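J.: My questions will all concern the structure given below.
The values are calculated or read from the model by the stated rules, or taken from the named source; none is laboratory data. Computed from a predicted model, the values in this text were never measured in an experiment. Heads up, the Cβs are rebuilt from the backbone with ideal geometry, glycines too, and the neighbour counts pull from every protein chain shown. Please note that ligands, DNA and RNA were not included when accessible areas were found on the heavy atoms of the full protein model with its side chains. Shrake-Rupley method; radii C 1.70, N 1.55, O 1.52, S 1.80 Å.
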Amino acid sequence: MADPITIMAGVSMAGGMLSAMGAQAQGQSAAAAQQFNADIAGRDAGLAREAAAYDANLQERQARMQIGSIRAAYGASGVTMEGSPLDVLQMSIENAERDRQQILYRGELKALGYEDTRTLSLYGAKSAKTQGDWASATSLLTGFSGAGKLFTAGKTAPSAGAPVAGIPGPPR
């Protein structure tokens, strides 16, 4: 039959190894989740820019049609393109461009927010993996330390029949 101290030490080492494997798996799982979040945020940043570009182009087309209508109305009523009518038309063109630029700017801000989220998620993935590595190493050391303590205690344990700290030995 195997020595009970050896069995207990083996169990301690096996427990440390299982705990280390669990820590590694947990770290890898958390890192994969963060990487997934980073990938989604990167995709969303691109989509935000594409949506803003689409909306800006749509706004620009609508503005051109509106400005064309203004010009046509001026021409139909015999107004010449000078003075106040020209000022109104110029202001309409400038406002349309400002609106287009605001759409692009809001889209870029949204995209930058997604990129910040992506950066944080990538950092979180790296951190989760590192934490898993450290937790795994700690579990291994704890398991082996426990086994070492058991072996050391077994070697220094009093022999059968010897008195132990104030407890009398067996009768002689």
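J.: Can you give the charge dipole size of the chain about its Cα centre, rounded to the nearest 20 debye, using +1 on the beta carbon of Lys and Arg and -1 on the beta carbon of Asp and Glu? Don't jump to the answer; show the numbers that get you there.
T.: Numbers: 15 positive and 15 negative charges, 195 e Å.
So the magnitude is around 940 debye.
J.: Here's a follow-up. Quick one: Cα centre-to-centre distance for region 90-125 and region 1-73, in angstrom?
T.: The two parts, judged by their Cα centres, are 21 Å apart.
J.: Given the -39500 (n - 2.57) contribution per DSSP H run of 4+ residues, what per-residue ellipticity at 222 nm results for the chain, rounded to the nearest 500 deg cm²/dmol?
T.: Numbers: 2 runs with 147 residues, N = 172.
Calculated from helices alone, the mean residue ellipticity at 222 nm is -32500 deg cm²/dmol.
J.: Specify which labelled value, from (i) 181; (ii) 108; (iii) 143, agrees with volume of the Cα convex hull per residue in Å³ derived from the coordinates of the model shown.
T.: (iii)
J.: Continuing with the same structure: Would you work out which of 114, 78, 8 lies farthest towards the positive end of the dipole of the chain, given +1 charges on the beta-carbon of Lys and Arg and -1 on that of Asp and Glu, about the Cα centre?
T.: Checked the options; the winner is 8.
J.: Hey, got the dipole for region 87-159? About the Cα centre, +1 on K and R Cβ, -1 on D and E Cβ, debye to the nearest 20? Could the numbers behind the result be given before it?
T.: Values: 9 positive and 8 negative charges, 175 e Å.
Taking the Cα centre of region 87-159 as origin, the dipole is about 840 debye.
J.: Which percent of the accessible heavy-atom area of the chain goes to carbon and sulfur, probe 1.4 angstrom?
T.: Here carbon and sulfur together make up 63 percent of the probe-accessible area.
J.: Let me ask something else about it. Which value, in debye to the nearest 20, gives the size of the charge dipole of region 1-83 about its Cα centre, when Lys and Arg are +1 and Asp and Glu are -1 at the Cβ?
T.: Roughly 340 debye, rounded to the nearest 20.
J.: Where a Cα-Cα gap under 20 Å defines reach, which aspartates and glutamates qualify for residue 155, not counting those fewer than 8 residues away within the same chain?
T.: The reachable aspartates and glutamates, counting only those whose Cα sits under 20 Å from residue 155, are 3.
J.: Helix 84-156 versus the longest principal axis of the chain: what angle, 0 to 90°, nearest 10, using Cα atoms?
T.: 0 degrees
J.: So which GluC sites (Glu not before Pro) in region 62-124 pass both tests, a DSSP loop state and at most 15 other Cβ atoms within 10 Å of the Cβ? Mind showing how you got there, number by number?
T.: Details: sites: 82, 94, 97, 108, 115; in loops: 82.
Here the sparse-neighbourhood loop sites are 82.
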